[in-house]
Each structure stands twice: as C-alpha cells, then as structure tokens.
Amino acid sequence: MSIATQISAINVPFHGDNLYLVSHDGEAQVPMRPVVEGMGLDWASQFTKIKSRFKTSVVMITIQLPGDNQRREVVCLNLRKLAGWLHTINVGKVRPELREKVARYQEECDDVLYQYWTKDEVKNPRKKTTVDERTPLRDAVNMLVGKKGLRYDDAYNMVHQRFAIDSIDELELSQIPQAVEYIHRVVLDGEFLGKQMELPIPKMAINYPIEWWNQYGYIIKRRGGNEFSHTNVCRFPQKLLFGFADEAPSAIWSMINELAEGGCDVSAVKLEYLAHRHFSEVMYRKLSMINQMTSDVDEMSVGLRISPPAKVWQ
C-alpha cells in the first residue's frame, strides 16, 4: 500500500548512523533502507526478505527524508515487527567485519527507536553491559547455534530465562562469564535438547485485543467490514476466514505461531485450525455456485399458449 504524506520523519541517531521514524495511522513506521545499509548489508536481498516474510506489516510512504533533496517512496516496516526482522539475520553468516555492528543493531536498535517514539529521546537506557563486553557471550551463542541447529532468538531466549531478563543487554558485567559457562554447558551436556524439563517455564505475554484487527483496516474495509472495538458491532468479512495471509490475516494463526515459537507443541491446534480454514473455503465456493445458479430466478418468465375452451353444441 502506497501512502503520500506530508508527515516529516523523526531523526534517531544510533551509533553514528541516522535512523528514522514516521507516524502513519497513529503507529510508528521505520524506513528500512537506512537500517539495512546502516548495518552494512545489501538492501536488495533484505528488501526481498522483508516483502516475503513481513508483507502485511510493510507500507510504502512517500516522504522526504532528512539529507535527501526530494520526496521518494520509502519502504517502511511497523516498529512492532522490527525486532522480528532483525533476528532473521544470522550474525554468523555475515562478513566478519560486520558482525559486531549487526549484533549491536539486533540488541539495541528497536529499543532505541521505541524510546524515541514514546519519549522523543533515550532516557535511562536499560543496558548494563556494552556490545564489546558481550562479545564472549555472542561467540558462545554462535557456537551453540552452529552445533545444535537452533535459531539465534531461541538461543538468546535460553539466556533470558536462565537470568530472568527481557533483553541480553540487561546482564550485569559479572553475569557475562556465568552466561558463557551456561551456554558451554548446554553445548557439552545437551541441557537444552536433552534435559528440557530442567529449564524454567518461559514467560509468555500473549495478548490479542480486539483492536488487533484494526492494523488490517484497509483489507477489512475493502471487503465491507468496519473498525473493531468493544463498543461497535463488528462486521467480520467472511473472506477473512480463508485464503493467503496477506489478504486474509488471522489472529488465531498468529497466536498459534507465537505459542510454537515459545516452545509449545501446538500441532493438534494447527491441524484443527487449518481444517476449519479449508472447509470454510469449500463451503463458500459451493454457496457461491448455488447463488450464481439461482440468482436470476426472480427474472425468469415462462411462455405458454392456452387454447380457448371447446364450443359446447346444444
């Protein structure tokens, strides 16, 4: 969706780079090219990934960014999705000279942008250790990912759970060696893969308020629906019950995936949900065929010729 807007961008300085925030429909959008190129990565390949994996959260906004001499169409990603995209980047596979910078973006970028969005500046930053101080931990996580085939966000989540923190930069300097030892123990003893019952239950804050749907307002309104709230009658278009995610988003499917990423086995739920989606589509198409076959019944007429009654001879 392309939006032409006069709204200016908020400039956010980040370790010598300039990142930006743009407001659209009351939500923070992040122009993505400065983020990608700030890390030293190739824009074309990352743009392809963003379009394919975060299509419903991408908006094209025509705006003039600071330092540019004209308005351009800019690819923006919702700030709420930025952390998810950042962790699709495998630090171990980027060029060695870029790894430290990519790691810094993954650990700090979304938090800095959020603070600028809510407070206009970074106040009381929560980090207790620097990127350089966390290098041994990063090396240990790279080894764990390589040997056990885990995703980076899963590996870091283990540290979050072990030390009861929400972000890796909240570790105290004295905790870094403990975290490295913990990761090495996982690699050697298979604690994560072979002794999952010993891990603490992950903290999960899963919330899907009714307003979740309003981020897809342009899809819903195009199909005759309205804005969702607890005070309105919610007109839910039937075509949202089946189809591809970019045209038929699903709160249920998003929640299922969030549970799966949190370590829950939701395969039975997935099976039932996908069956419902399939049968909804089948029934919709059958009803559409019946409607098409009967839609002109009211306009039909029948031509008959009636013979006059026979004469009665007296």
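Observations, loosely collected:
- For region 15-162: accessible area per residue (Å², 1.4 Å): 49
- GNM top mover of Asn157, Asn232, Asn18 - the chain, alpha-carbon springs below 10 Å: Asn232
- Think of region 15-173 as having a plus end and a minus end, set by charges on the Cβ of Lys, Arg, Asp and Glu; of Ser167, Leu150, Gln106, Leu150 sits farthest toward the positive end of this dipole.
- Kyte-Doolittle at least 0.5, axis length at least 18 Å by Cα - qualifying DSSP helices, the chain: none
- Farthest toward positive dipole pole in the chain [+1 Lys/Arg, -1 Asp/Glu at C-beta], among Leu241, Gly38, Gly262: Leu241
- Measuring r between the beta carbons of Leu188 and Asp139 and using R0 = 22 Å, the FRET efficiency lands at 0.90.
- For the chain, a simple Cβ point-charge model (Lys and Arg +1, Asp and Glu -1, everything else neutral) yields a dipole of about 1100 debye relative to the Cα centre.
- Placing +1 on the Cβ of every Lys and Arg and -1 on the Cβ of every Asp and Glu, with no other charges, gives region 16-90 a dipole of roughly 300 debye about its Cα centre.
- For the listed residue pairs Lys119/Lys221; Lys55/Lys93; Lys101/Lys270; Lys51/Lys101, the alpha carbons are over 26 angstrom apart in Lys119/Lys221; Lys101/Lys270.
- Probe 1.4 Å - accessible area at Ser174, Å² to nearest ten: 80
The values are calculated or read from the model by the stated rules, or taken from the named source; none is laboratory data. Given the structure is predicted, the values throughout are model-derived calculations rather than measurements. Ideal geometry is used to build each Cβ from the backbone, glycine not excepted, and the neighbour counts take in all protein chains shown. The accessibility values were calculated without ligands, DNA or RNA, using every heavy atom of the protein model including side chains. Shrake-Rupley method; radii C 1.70, N 1.55, O 1.52, S 1.80 Å.
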